[in-house]
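Trainee: One structure, pasted below without further comment.
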Amino acid sequence: QAHLVESGGGLVQPGGSLRLSCGGPEIDLSSCSTYWYRQAPGKQRELVAAIGSSGRTDYPNSVQGRFSVSRDDARNTVNLQMDRLKPEDTAVYYCRARSEIFDEWGPGTQVTVSW
């Protein structure tokens, strides 16, 4: 049984937007740090967004100003809003929830940016 599951991936044209969501019934996402990573074919997995239990967020320069991570405590989800998408954003996107006592990854969701 997956502890975390991502949703919201798909095909979008360059310049478009997608919203990914991450959640799991057995993990309280408000009590841990949650991260979004991506991995494109032939490339290393890279961090694209992070949100701490305090709500503090962090992004690499490659997505700064285009990606936004938020947490919905009522739904126990962490969302990644991706705007002005580029073909180089194409990758499998993974959610990770980490605390002092657990480190869980989701199976990933495919995002393809193409005409």
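The values are calculated or read from the model by the stated rules, or taken from the named source; none is laboratory data. Because the structure is predicted, anything quoted here is derived from the model rather than measured. Glycine also receives a Cβ, built like all others from the backbone with ideal geometry; neighbour counts cover every protein chain displayed. Note: accessible area is taken over every heavy atom of the protein model, side chains too, but ligands, DNA and RNA are not part of it. Shrake-Rupley method; radii C 1.70, N 1.55, O 1.52, S 1.80 Å.
Trainee: Please give the per residue accessible area of region 45-115, computed with a probe of 1.4 Å over protein heavy atoms only, in Å².
Mentor: Result: 55 Å² per residue.
Trainee: Here's something else I'd like to know. Tell me which trypsin sites (Lys or Arg not before Pro) from region 32-115 have a DSSP coil assignment and no more than 15 other beta carbons within 10 Å of their own.
Mentor: Listed in order of number, the matching sites are LYS43, ARG45, ARG56, ARG75, ARG84.
Trainee: Karplus couplings for region 73-85 from phi (6.51 cos²θ - 1.76 cosθ + 1.60, θ = phi - 60°), rounded to Hz, Gly and Pro as x?
Mentor: 5, 5, 9, 6, 10, 10, 10, 10, 8, 10, 10, 6, 5
Trainee: By the 4.7 Å beta carbon criterion, which cysteine residues of the chain come out unpaired?
Mentor: By the Cβ distance rule, which asks for a partner under 4.7 Å, the isolated cysteines are CYS32.
Trainee: Then there's this: From the phi angles alone, apply the Karplus equation (6.51, -1.76, 1.60; θ = phi - 60°) to region 47-56 and give each ³J(HN,Hα) in whole Hz, x where the residue is Gly or Pro.
Mentor: Couplings: 7, 10, 6, 9, 9, x, 4, 6, x, 5 Hz.
Trainee: If R0 is 25 Å, what FRET efficiency do you get for ALA40 and ASP72 from their C-beta distance, rounded to 0.05?
Mentor: Calculated transfer efficiency: 0.35.
Trainee: Counting only protein heavy atoms and a 1.4 Å probe, tell me what percentage of the chain's accessible area is made up of carbon and sulfur. Provide the component values of the computation, followed by the final result.
Mentor: Working: 2850 of 6280 Å².
The C+S portion of the solvent-accessible surface of the chain is 45 percent.
Trainee: What is the extension gain from LEU11 to ASP103, computed as 0.36 nm multiplied by their sequence separation minus the C-alpha to C-alpha distance, in nm to one decimal? Numbers along the way, then the final one.
Mentor: Working: separation 92, 0.36 × 92 = 33.12 nm, distance 2.91 nm.
Contour length minus the Cα-Cα distance gives 30.2 nm.
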